[in-house]
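Enquirer: Okay, here's the structure, questions in a sec.
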Amino acid sequence: MMAQMIKVPGLDGAKMGKTEADNAIDINSPIDQIRQRYLKKGITDPQRLRVTDSGDPYNRCQSVYPVHELVTDGEVDTREIAQACQSAQIGCAACKHRLVDSIAKILEPFQEKRAQLAGQNDYVKDVLHEGGKKARARIKATVESVREKMGIVLY
């Protein structure tokens, strides 16, 4: 069974990727910076000109609501956001703020752990070294089998 690919929309609605820095958010960026990027560049329903206009998050929102569906906790919460947009009970800026709050819930624990490890180079090197030893021990038989079948001889 193959895993299904998920397209994460970038700030401009196209696929988010690290090569398109202006289209992506950096997971190491402060949450306030991510919030400013979404507020400035996140594309919502272009036909929704006023807060009192109803929106179509499912079909016309290009980069904000689709990310809500990926990162906001629970189907009930995402459905509530969509219904609030459709009934003009929430504006696009408020929707963006809620999205960044959801992103923060995911990123902040990683950012905190990264900050803790930033000054512990020796510890990180030890973990990588020990992990490498364990990995080599687990794959040794497979590697030897592959070398034998391919006729690779080590001298």
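The values are calculated or read from the model by the stated rules, or taken from the named source; none is laboratory data. Fair warning: this is a prediction, and the values are worked out from it, not measured in the lab. Cβ: placed from backbone, ideal geometry, glycine included. Neighbour counts: every protein chain shown.
Enquirer: Output the residue which, of all residues in the stretch 24-47 that are among the hydrophobic types (A, V, I, L, M, F, W, C) and closer than 15 Å to Asp101 by Cα, is farthest from the chain's Cα centre (by Cα).
Expert: Leu39
Enquirer: So, one more: Would you point out which residue out of Ala94, Ala24 is free of Cβ contacts under 8 Å to residues at least 24 places away in the same chain, in contact with a Lys or Arg (Cβ under 9 Å, 6 or more places away or on another chain), surrounded by 12 or more Cβ atoms within 10 Å (Cβ to Cβ) and not basic (Lys, Arg)?
Expert: Exactly one of Ala94, Ala24 is free of Cβ contacts under 8 Å to residues at least 24 places away in the same chain, in contact with a Lys or Arg (Cβ under 9 Å, 6 or more places away or on another chain), surrounded by 12 or more Cβ atoms within 10 Å (Cβ to Cβ) and not basic (Lys, Arg), namely Ala24.
Enquirer: Could you tell me whether any residue of the stretch 6-20 is of a type in the set (Gly, Ala, Ser), at pLDDT 90 or above and on the phi < 0 side of the Ramachandran plot?
Expert: No: the stretch 6-20 contains no residue that is of a type in the set (Gly, Ala, Ser), at pLDDT 90 or above and on the phi < 0 side of the Ramachandran plot.
Enquirer: Among the residues of the stretch 51-71, are any touching a residue at least 12 places away in the same chain (Cβ under 8 Å) and of a type in the set (Asp, Glu)? Write out each step before concluding.
Expert: Keep residues of the stretch 51-71 that are touching a residue at least 12 places away in the same chain (Cβ under 8 Å), which gives 51-58, 60-68, 70-71.
From the residues that got through so far, the ones that are of a type in the set (Asp, Glu) too are 53, 56.
Yes; the residues of the stretch 51-71 include at least one that is touching a residue at least 12 places away in the same chain (Cβ under 8 Å) and of a type in the set (Asp, Glu).
Enquirer: So if I check each of Glu69, Glu75, which one is in the same structural domain as Gly10 (by TED's automatic domain parsing) and under 17 Å from Val8 (Cβ atoms)? Don't jump to the end; show me each part of the working.
Expert: On the way: Glu75 fails: under 17 Å from Val8 (Cβ atoms).
Result of the check over Glu69, Glu75: Glu69.
Enquirer: Shifting gears a bit: Looking at the stretch 114-155, which of its residues are surrounded by 10 or more Cβ atoms within 10 Å (Cβ to Cβ) and of a type in the set (Gly, Ala, Ser)?
Expert: Matches in the stretch 114-155: Ala115, Gly131, Gly132, Ala135, Ser145.
Enquirer: Taking the condition in a loop (DSSP other than H, G, I, E, B) and in contact with a Pro (Cβ under 8 Å, 6 or more places away or on another chain), does Ser54 pass?
Expert: So Ser54 fails the test.
Enquirer: A further question on this structure: Given Gln62, Gln83, Gln111, which one is among the polar types (S, T, N, Q), surrounded by 12 or more Cβ atoms within 10 Å (Cβ to Cβ) and assigned to a loop (DSSP other than H, G, I, E, B)?
Expert: Result: Gln62 is the single residue among Gln62, Gln83, Gln111 that is among the polar types (S, T, N, Q), surrounded by 12 or more Cβ atoms within 10 Å (Cβ to Cβ) and assigned to a loop (DSSP other than H, G, I, E, B).
Enquirer: Any residue that is without any contact (Cβ under 8 Å) to a residue 60 or more places away in the chain, of a type in the set (Lys, Arg), in a helix (DSSP H, G or I) and under 30 Å from Lys40 (Cβ atoms) - is there at least one of those in the stretch 116-135?
Expert: no
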